[in-house]
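Note sheet for the following structure.
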Amino acid sequence: MVTHCSIIQMKIKNVTKVVVVLLVFLQSQLSAQVSISGKVIDEESEEPLVGAQVVVEPEGGTVTDNNGVFLLKLKEGAYSAIIKYLGYEDKSVAINTQNPNLGTISIQLSSTTLDEVIVSASPNSYRRDFKGSNFRINPIALKNSNPISTEEVLRTVPGTNIVGDMGLSNRPNISIRGSWGRRSKKVLLMEDGSPSAPAPYIAPGAYYNPVSDRITAIEVYKGADMLRFGPNNMYGAINYVTALPPQKPELRVKLIGGQRNYTTGLLSYGGTWNNLGALVEGVYKKFDGFTNNSSVELLNLNAKVFAKLSNTQSLYFKVSGQFEDNQASLSSITPFTFGIDPEQNPLDADQFTMRRYGMDIIHKWLPNARTSFTSKLYASDFERDWWRQTTAKVRASEVQAYVGDAIFNERYRYLNGLDFSDEDYVIVGRVQNGTESTTDSRWAYTVSGIKETMDMDWDAFGETQHVEVGLNFHRETFKDRFLQAPNSRWARHGDITTDLWYRLWSINGFVRNEFNINKWGITPIVRFDHVDMFRQNLITASQNPNLGGTGEGREPNVYTQFLPGLTVDYDFPQGELFASIYEGMIAPSKVFGFLVEQDGVVTNPLAGESINIDPELSWNREIGWRGSLMNNKMNGQITYFNNTSRNFYAGGRNEVFEELGKINVQGLELSFTAELLRRLNFFANVTVLHSKVLEGKLLDKDLFSQVVHSAATSGEFIDKVNANRGAYEIYVSDGNGGETLFTDPTLTTSDFQNITKSVIAFGDGKEENTEAPYTPNINLNLGFNYDWKKLSGGISGQYVDDQFTEFHNFKNESADGAIGQLPSYFTMDAFLNYRFDMPNGTQLKVFVNGKNLTNDIYRASRLNRATSGVFPGGFRQIIVGAEITI
């Protein structure tokens, strides 16, 4: 027994000795390791590079974080490291553990690199290489906010206003510097520099929008360099920058869940192998929506490859597909329904389906060290069906009698037991002969083009100058069909009542030169557009027995437009002063591209009359500063702008200038970030804006044919007319199905009931203080962000001032919600992220985001006016998620 115990004791002593030896060895190894740190930046812009590889053979390596900083542990000694980043030249760095802080390491952009594969992590809110004002939402801000839609982050951009719709921005409604925001028709939308709207010239309405989960950065352009892009460069442009291939092979999985069955899944794999980078990505999103019957289901698949073919050539290829099946309504709710339950939407049969394919191929060639040619081939194919139930506006007290007991009990039970006034209305499915009906807006688009850009450096004034020349051949087709199905709201086939065919081709381009003289920069630019397009009514053509060919009945419009611009800037230690002026345009689209204008008066063409409508044009002026102060503790930009548009026709939905309008929009845009304490930052984005209609005559086609007026709106209109009788042409019914001009000096309540239409005149002695729709005087976004080691969090608030929704500037609200001023509103958002660093370089990030935390429901828009009523916004949404990178 003793012997056995002695043996055990001896073994324990031996094990203890081994453990002690191992601990001493490990301690010696750990103590011998040294932490090596540094920061990798772009040599020219001095902006940090995220995800740059730091390779140390045979020890392994690491990648830079969101600030371009890296940290790795090495045994004492000397090493050689290579810094690698897709699109940049490799750089060798000597490491000696006696000097562990390598400082800032700058690497040079490869001359063959394309803009499409570079995503800067700069904390600055602007791009330095863009002449004139611009704003940039960087990758860190997007990762922190985990936006459910791109509109959620775009509303924070100075000069931008969001006209609220269904909540997920599949059809975004973006206004920049006072533009009409519905479907972002007057904003140029791009994805990685290529046009993303279904048909930028003919039908620029944004019925496609890239899903927010695959966006890495967003750039908003507003200065004179806008003339590098087209066609719709009058107000501003938005460029969605998608993810680039990672620096080392990695698998990324992101899962999100939230209220109202909000679900998002992202799966991607990509990497860089020598001179080739590739990424394949898929995103699935599903959401029940903020209101009843407004669900969204979406799938996006995309892939991209970048290859450096040689020291003088590179190639980029990108392909994508997006598919949607949504319950989306053109109609919303009345003020009465908004007050009872803003989540109500009885139109359960409305359905929006779409699919879009897109492709970009880009080749860059350098014939010499100072010249490059970039060739881009782009194409997209888009189709959508939007089945929308035919609606009617019915007094709330009469809904049950109108729709019948069965429909009432199925979709309008919330009205039971309520008291109603004569001005309480409800939007319902129209019932005829006991059945509801539906219609379909069936659109199909194709877009293709090839763009050639030459960049060349040349010497003058003792400095390097830069010239850029672009030439683009662009083609669009658009098929516009409208179907009616009178027998059921669930029908998905109907009679074709409209069948229009549009075709357009354009040759456009620009010449731009950067003159650099000491600290001054002078950049003139000129753009030209030549457009040849036609519209053909296929139903009308088919009814012609003498039709001699497929081309008969085409209505052509051919025009050429030159647009000049100039930017002057001055560099100094605290940043850059800049001023720019340029002429922008909105291309004649299907809305106003086939009209006749004579002496400012616009009409539909008569037989044999040539279409001659010109683009909407504007002179845009701005002056500003951008840079850093207080030893880089504060950075930002401030811009004053003053834009005056002319030839203005399309004012809003069913609001047109019969005599072309002139509108001035001016304001101040401010954006800055300040480091208050270590790791605690304060940011603010502010817009102060004023708009004024200077001249023109406007017809509101809905005001007396569709709008259900309240006593307040009818009284307000009567007061407006009587206070300025010379500004209004009033037409009333003649009792025989026609109309006649109302000439009495005073308009009364009894006269109001007989009005068929009115035309309002703007300018001196007419209506002189009218604001453009959706131009709130103040738009404010501010908040705090805090970062500590692996934890980050933040809180922000958004304030939007009162805003008119039509050119008559009604303050009161109609009974159907079609017209009236939108009250101001305030929302709050917050986020919290934590990162876990796991073995073998794997990272896990968990996060929670709160949107609209106060749950203060507000009137977001009257987007479709008489068709829609009020769109509500401000619903609270909490999401939680995890993202793992392997």
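What number of residues in segment 737-785 are modelled with pLDDT under 95, of a type outside the set (S, T, N, Q), open to solvent by 70 Å² or more (accessible area, probe 1.4 Å) and in contact with a Ser or Thr (Cβ under 9 Å, 6 or more places away or on another chain)? Qualifying residue count for the region: 1.
Reported count of residues in segment 834-886, each being in a loop (DSSP other than H, G, I, E, B), open to solvent by 10 Å² or more (accessible area, probe 1.4 Å) and among the basic types (K, R), is 1. Only residues that are closer than 30 Å to G289 by Cβ and among the hydrophobic types (A, V, I, L, M, F, W, C) were counted in segment 339-378, giving 5.
Might you let me know whether segment 718-727 holds any residue that is without any contact (Cβ under 8 Å) to a residue 24 or more places away in the chain, over 13 Å from A818 (Cα atoms), open to solvent by 60 Å² or more (accessible area, probe 1.4 Å) and not charged (D, E, K, R)? Within segment 718-727, one or more residues are without any contact (Cβ under 8 Å) to a residue 24 or more places away in the chain, over 13 Å from A818 (Cα atoms), open to solvent by 60 Å² or more (accessible area, probe 1.4 Å) and not charged (D, E, K, R). Restricting attention to segment 660-693, the residues being open to solvent by less than 60 Å² (accessible area, probe 1.4 Å), under 23 Å from the mean Cα position of the chain (by Cα) and among the aliphatic types (A, V, I, L, M) number 5. A single member of P172, P245 is part of a loop (DSSP other than H, G, I, E, B), at pLDDT below 95, open to solvent by less than 10 Å² (accessible area, probe 1.4 Å) and touching a Gly at 6+ places or on another chain (Cβ under 6 Å), and it is P245. For segment 822-833: of the residues being in contact with a helix residue (DSSP H, G or I) (Cβ under 9 Å, 6 or more places away or on another chain) and under 30 Å from V63 (Cα atoms), which is most open to solvent (accessible area, probe 1.4 Å)? Across segment 822-833, the extreme among qualifying residues is F831. Evaluate segment 629-648: report whether one residue or more is surrounded by 20 or more Cβ atoms within 10 Å (Cβ to Cβ) and among the charged types (D, E, K, R). No; the residues of segment 629-648 include none that is surrounded by 20 or more Cβ atoms within 10 Å (Cβ to Cβ) and among the charged types (D, E, K, R).
Selection of segment 181-201 for residues being assigned to a loop (DSSP other than H, G, I, E, B), modelled with pLDDT under 95 and within 22 Å of S375 (Cβ to Cβ) yields D192, G193, S196. Filtering segment 104-137 to residues that are closer than 26 Å to G881 by Cα and either at pLDDT 90 or above or in a helix (DSSP H, G or I) (or both) leaves R136, I137. Residue count for segment 601-621 under the criterion of being in a loop (DSSP other than H, G, I, E, B), closer than 19 Å to G651 by Cβ, in contact (Cβ under 8 Å) with a residue 24 or more places away in the chain and open to solvent by 20 Å² or more (accessible area, probe 1.4 Å): the result is 1. Picking from residues in segment 479-497 that are closer than 26 Å to A199 by Cα and among the charged types (D, E, K, R), the one that is least open to solvent (accessible area, probe 1.4 Å) is D480.
Taking segment 393-419, which residues are part of a loop (DSSP other than H, G, I, E, B) and free of Cβ contacts under 8 Å to residues at least 40 places away in the same chain? Correct list: G404, N416, G417, D419.
Look at H493 and say whether it is assigned to a strand (DSSP E or B), more than 25 Å from S380 (Cβ to Cβ) and either at pLDDT below 95 or more than 30 Å from the chain's Cα centre (by Cα) (or both). Answer is no for this residue. Could you go through segment 83-100 and let me know if any residue there is open to solvent by 40 Å² or more (accessible area, probe 1.4 Å), among the polar types (S, T, N, Q), free of Cβ contacts under 8 Å to residues at least 40 places away in the same chain and in a loop (DSSP other than H, G, I, E, B). The answer is yes; a qualifying residue exists. Against the conditions (1) open to solvent by 60 Å² or more (accessible area, probe 1.4 Å); (2) touching a residue at least 24 places away in the same chain (Cβ under 8 Å), L301 satisfies every one except (2).
From the list G565, G509, G521, G584, which one is over 30 Å from H474 (Cα atoms), in a strand (DSSP E or B) and open to solvent by less than 40 Å² (accessible area, probe 1.4 Å)? After applying the criteria, what remains is G521. R503 falls short on exactly one of the conditions (1) in contact with a Ser or Thr (Cβ under 7 Å, 6 or more places away or on another chain); (2) within 28 Å of D115 (Cβ to Cβ); (3) open to solvent by 50 Å² or more (accessible area, probe 1.4 Å), and that condition is (2). List every residue pair whose Cβ atoms sit under 8 Å apart, with the two residues 6 or more apart in sequence or on different chains, where the first one lies in segment 521-549 and is more than 30 Å from E583 (Cα to Cα) and in contact (Cβ under 8 Å) with a residue 24 or more places away in the chain and the second, anywhere, is open to solvent by less than 50 Å² (accessible area, probe 1.4 Å) and assigned to a strand (DSSP E or B). Final answer for the pair search is Q536/L500; Q536/Y502; N537/D499; N537/L500; L538/D499; L538/L500; I539/T498; I539/D499. With respect to the conditions (1) open to solvent by 30 Å² or more (accessible area, probe 1.4 Å); (2) out of contact with any Gly (no Cβ under 8 Å at 6 or more places or on another chain); (3) hydroxyl-bearing (S, T, Y); (4) closer than 30 Å to F317 by Cβ, Y357 falls short on a single one, namely (2). Scanning segment 728-763 for residues that are among the acidic types (D, E) and touching a residue at least 12 places away in the same chain (Cβ under 8 Å) yields E729, E739, D751.
Every residue, every condition in (1) out of contact with any Asp or Glu (no Cβ under 7 Å at 6 or more places or on another chain); (2) of a type in the set (A, V, I, L, M, F, W, C); (3) closer than 30 Å to G636 by Cα, yes or no:
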position	(1), (2), (3)
D787	yes, no, yes
L791	yes, yes, yes
T805	yes, no, no
A818	no, yes, no
D837	yes, no, no
L844	yes, yes, no
D856	yes, no, no
R859	yes, no, no
G874	no, no, yes
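Determine whether D213 is in contact (Cβ under 8 Å) with a residue 40 or more places away in the chain, in a helix (DSSP H, G or I), open to solvent by less than 10 Å² (accessible area, probe 1.4 Å) and not aliphatic (A, V, I, L, M). So D213 fails the test. Apart from one condition, K811 fits all of (1) among the charged types (D, E, K, R); (2) surrounded by fewer than 23 Cβ atoms within 10 Å (Cβ to Cβ); (3) within 17 Å of T156 (Cβ to Cβ); the exception is (3). If the condition is being in contact with a strand residue (DSSP E or B) (Cβ under 6 Å, 6 or more places away or on another chain) and buried (at least 17 other Cβ atoms within 10 Å of the Cβ), then segment 285-298 contributes K285, F287, V296, L298. Which is part of a strand (DSSP E or B), more than 24 Å from I581 (Cα to Cα) and touching a helix residue (DSSP H, G or I) at 6+ places or on another chain (Cβ under 8 Å), of L483, L504, L500? Result: L500 is the single residue among L483, L504, L500 that is part of a strand (DSSP E or B), more than 24 Å from I581 (Cα to Cα) and touching a helix residue (DSSP H, G or I) at 6+ places or on another chain (Cβ under 8 Å). Residues that are at pLDDT 95 or above, surrounded by fewer than 15 Cβ atoms within 10 Å (Cβ to Cβ) and in a strand (DSSP E or B) within segment 420-453 comprise just one, E452.
The values are calculated or read from the model by the stated rules, or taken from the named source; none is laboratory data. The model shown is predicted, which means the values in this text are computed figures rather than measured ones. FYI the Cβ positions are ideal-geometry reconstructions off the backbone, even for glycines, and counts take in every protein chain you see. Side chains included, ligands, DNA and RNA excluded: accessible areas come from the protein's heavy atoms. Shrake-Rupley method; radii C 1.70, N 1.55, O 1.52, S 1.80 Å.
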